[in-house]
Amino acid sequence: AKCTDLDYINFLTASSNYFTCTEAERCQPADSSSPAHDAFTRLLQRQPSDTEALWNEVTDCVCRDSGYLVVDDTTLDKPYAKKMDLVYYHWSGKHHRAVPGITLVTLLWTDGGTLIPVDFRIYDPDRDGKTKNDHFLDMLQIAKERGFQPEYVLFDSWYSSIENLKAIRRHEWHWLTRLKKNRLVNPDKTGNVQVHTIEIPPEGLIVHLKAYGFVKVFRKEDPEGNEDFWATDILGLKEARREELAKSAWKIEIFHRGVKQFCGVEKCQARKAQSQRTHVLMAVRAFVRLEINRIKTGVSWFEAKAQIHREAIKTYIRNPRYALG
């Protein structure tokens, strides 16, 4: 093979706007041994579709007996996809409507500062028959087998089903999640009512969550009057600690923004599912490199990309082939 996964990852790390195989060819040295765009196309089609390569890279970057595991999904926009595998219509928080795209479900490890993706899945029910909640359970099971013992598992209301909460309890982990306002709880042993109908003091309230057991719920209201309901299995959790955990849960949104903006995860134009899966894997691995560099040097993702571009321009100008006279 004329190119390897590292060739493609380096291209994603350096590129700013275009993330196609044709652009990858243009970035190679001008000699007969440089890979053509067909070599990059074949690379995307032959790579394994599992995430073992990602885990092998980040194993030493995480502390498995501390920190938090955060799960959430994001839509990789594909507005012009006519006949592209993996594309479905999904609700987009960015566009506030259903849009065509690929849903990426990610398991992120964080200690509140470092952002390390340790696993991900691509939603494709037509081929594997799995829901996003199935992927949620699969990734947590693999994390358990890999020896993770997080302080908390953090996730949004979409993943707060009773089955998921009980699975986390079987792993002997603790959790914090948002709840939908119509979830049934029993606050005073008189019967189940929707959580939004009960009075919840600022420090939270211990209630019985239907079909699960006792949990502690919190109510938060934003400046526009919208209410959020949070729940945890730690009955002694304080509001200040809940707020810290909520900020850690938001880290996965920062990861989603970074891997889209700096690694081109949603810019692949290939039609085949295998190529799209490989591109996503490579983009996530490219993000890991930017994040490790940020942790070691304090240089932001944006500045790291800018430095790469400045060095590329200097090399371009020094090269006699491109002398402007």
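The values are calculated or read from the model by the stated rules, or taken from the named source; none is laboratory data. The shown structure was predicted, so the numbers you read here are calculated from the model rather than taken from an experiment. A quick note on method: Cβ atoms are made from the backbone with ideal geometry, for glycine too, and the neighbour counts reach across all protein chains shown. Ligands, DNA and RNA are excluded from the accessible area calculation, which covers all protein heavy atoms including side chains. Shrake-Rupley method; radii C 1.70, N 1.55, O 1.52, S 1.80 Å.
Determine which single condition HIS171 fails, assuming it passes every other condition in (1) without any contact (Cβ under 8 Å) to a residue 40 or more places away in the chain; (2) within 20 Å of the chain's Cα centre (by Cα); (3) open to solvent by less than 60 Å² (accessible area, probe 1.4 Å).
With respect to (1) without any contact (Cβ under 8 Å) to a residue 40 or more places away in the chain; (2) within 20 Å of the chain's Cα centre (by Cα); (3) open to solvent by less than 60 Å² (accessible area, probe 1.4 Å), HIS171 is out only on (2).
Does GLU253 satisfy the condition of being in a helix (DSSP H, G or I) and either in contact (Cβ under 8 Å) with a residue 24 or more places away in the chain or open to solvent by 60 Å² or more (accessible area, probe 1.4 Å) (or both)?
The answer is yes for GLU253.
Are there any strands (runs of 3 or more DSSP E) wholly within the range 1-120 with 2 or more residues that are closer than 18 Å to VAL259 by Cα and either within 20 Å of the chain's Cα centre (by Cα) or not acidic (Asp, Glu) (or both), and if so which?
It comes to 68-77, 97-110.
Go over the candidates VAL70, VAL105, VAL118 one by one and state the one that is touching an Asp or Glu at 6+ places or on another chain (Cβ under 8 Å), crowded, with 21+ Cβ neighbours inside 10 Å and either modelled with pLDDT of 95 or more or on the phi > 0 side of the Ramachandran plot (or both). Break it down stepwise before answering.
Values: VAL70 fails: touching an Asp or Glu at 6+ places or on another chain (Cβ under 8 Å); VAL118 fails: touching an Asp or Glu at 6+ places or on another chain (Cβ under 8 Å).
When all the criteria are applied, what remains is VAL105.
Taking the range 70-104 as the region of interest, how many residues are charged (D, E, K, R), within 17 Å of ARG271 (Cα to Cα) and touching a residue at least 60 places away in the same chain (Cβ under 8 Å)?
The total comes to 4.
Considering only residues that are farther than 19 Å from ASP38 by Cβ and in contact (Cβ under 8 Å) with a residue 40 or more places away in the chain, which ones fall in the range 10-25?
THR13, ALA14, SER16, listed by residue number.
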